[in-house]
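Let me begin by presenting the structure, written as structure tokens, before commenting on it.
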Amino acid sequence: MAGNSGGPWGGGGSSGGGNKGGGGGGRRPPEGDGPQIPEIDELVKKGQEQLRVLMGGRGGGGRGGDGRGAGGGGPIFTRGTVTLGLLVAAGLWAAASFYTVKPEEQSVELFLGEFSAIGQPGLNFAPWPFVTAEVIPVTREQTEDMGGNRGTHDGLMLTGDENVVDVDYQVVWNISDPAKFLFNLRDPRPTIRAVSESAMREIIAQSELAPILNRDRGIIADRLQELIQQTLDSYDSGVNIIRVNFDKADPPQEVIAAFRDVQAAAQERDRLQNVADAYANRVLAEARGEAAQILEEAEAYRAQQVNEARGEASRFNAVLEEYLKAPDVTRKRLYLERMEQVLSEVDKVILDESGDSGQGVVPYLPLNELRRNTTEGSN
């Protein structure tokens, strides 16, 4: 037992302390003969030496070197390194101070965090760090899609006649004043969306369903644009509403079939009403025409009778004047005129009693009667 003093492994190591690898402390010797991992302190010292060389100093040359040791020497700054550092700093400062603004953009310059000026398109200078700049696209059209086209119920709105309509619309806007847009609106896009939805609900609540679905979309879009712009201007937002696209206005999906049936019935009712109105207008126009014709005929008859009466009165006055001048002549003349008028309308047979034959009646062919019968038959 005394001979096996190498421990339980039976390594045969001596009892003395000469074998550092086996050591009396009980540690196993490292397996294999691979390279050893360097210590952290040595890595730090090598890094310091390399940094010292880059900064213009001289390397330590190991632990012996020139006698300074690892920590004995410091970085040596020369005129060249100082100039190079100043040039690098100036370049970095210029890169941070000069900036470019595109034609569709404007910049807002801030002096110590407060508004200073508006940068125009092109190369601009803002001395950093006192002046900073934020570049904002001002002419680019930005859109906000509103309503139920996103699969939500935001487009369901109540009309003035207590119906529900599902609307889809789009608000197109850009930035008119970048300074106001940057400082007066905390969340620009949510603000524009909230104002647009509120304005649309106000307009829909004041309108009826039928005009919204049929003919008033353009009017509603113009009114909506005006109302949104007024509200944003009251916020001093710097936002310009370019246009509003009113894409769709339909009943909710749950009742759209029944609504279409109602619309069809309403259209049929309107058609029948238009037919009835056309018939009534035609009959009324004919009645008014006949009434006007009767009135014109009555007026003409009245004028005729009045004129005839005036003529008769004038003729009687003229005859009276002649009668007063020569009663016998006038009386005889009146008698002859009256007899002429009476006898001209009577069929007459003239008998000549003074004939030599002594026959008072002469047989003759009744040509007048034949002519009259022929005329009546043709009529």
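The values are calculated or read from the model by the stated rules, or taken from the named source; none is laboratory data. It should be emphasised that the depicted structure is a prediction, and the values quoted were computed from it without experimental measurement. All Cβ positions, glycine included, derive from the backbone under ideal geometry; neighbour counts span all protein chains shown. Heavy atoms of the whole protein, side chains included, go into the accessibility calculation; ligands, DNA and RNA do not. Shrake-Rupley method; radii C 1.70, N 1.55, O 1.52, S 1.80 Å.
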Subject >> Arg331-Ala90 pseudo-label distance in nm [points 7 Å out on the Cα-to-Cβ vector] >> reply: 15.2 nm
Subject >> Lys/Arg +1, Asp/Glu -1 at C-beta; the range 131-276 dipole; positive extreme among Ala266, Pro178, Ile212 >> reply: Pro178
Subject >> Cβ charges +1 (Lys, Arg) and -1 (Asp, Glu), total dipole of the range 204-350, debye >> reply: 580 debye
Subject >> Where GluC sites (Glu not before Pro) fall in DSSP loop in the range 290-341, at most 14 other Cβ within 10 Å >> reply: none
**OP:** Would you mind checking which residues have amide H under 5 Å from Phe98's amide H? H placed 1.01 Å from N; only 5 or more apart, or other chain.
**Re:** Ala126
Subject >> Carbon + sulfur, % of accessible area of the range 212-274 - ligands and nucleic acids excluded, 1.4 Å >> reply: 48 percent
**OP:** Quote the FRET efficiency, to the nearest 0.05, computed for Gln230 versus Arg140 with a Förster distance R0 of 30 Å and r equal to the Cβ-Cβ distance.
**Re:** 0.80
**OP:** Mind checking the per residue accessible area of the range 193-256 for me, 1.4 Å probe, whole number of Å²?
**Re:** 51 Å²
Original post:
Ala133's amide H: which non-local residues (gap 5+, or another chain) put their own amide H closer than 5 Å, with H modeled 1.01 Å from N in plane and none for Pro or chain starts?
Top reply: Leu110
Subject >> Cα gyration tensor category, rounded, prolate or oblate, for the range 249-354 with a/c compared to 1.5 >> reply: oblate
Original post:
Can you tell me the accessible area per residue over the range 268-335, all protein chains present, probe 1.4 angstrom, in square angstrom?
Top reply: 90 Å²
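So if R0 is 35 Å, what FRET efficiency would Glu340 and Thr374 give, r being the distance between their Cβ atoms, rounded to the nearest 0.05?
Once rounded, the FRET efficiency stands at 0.80.
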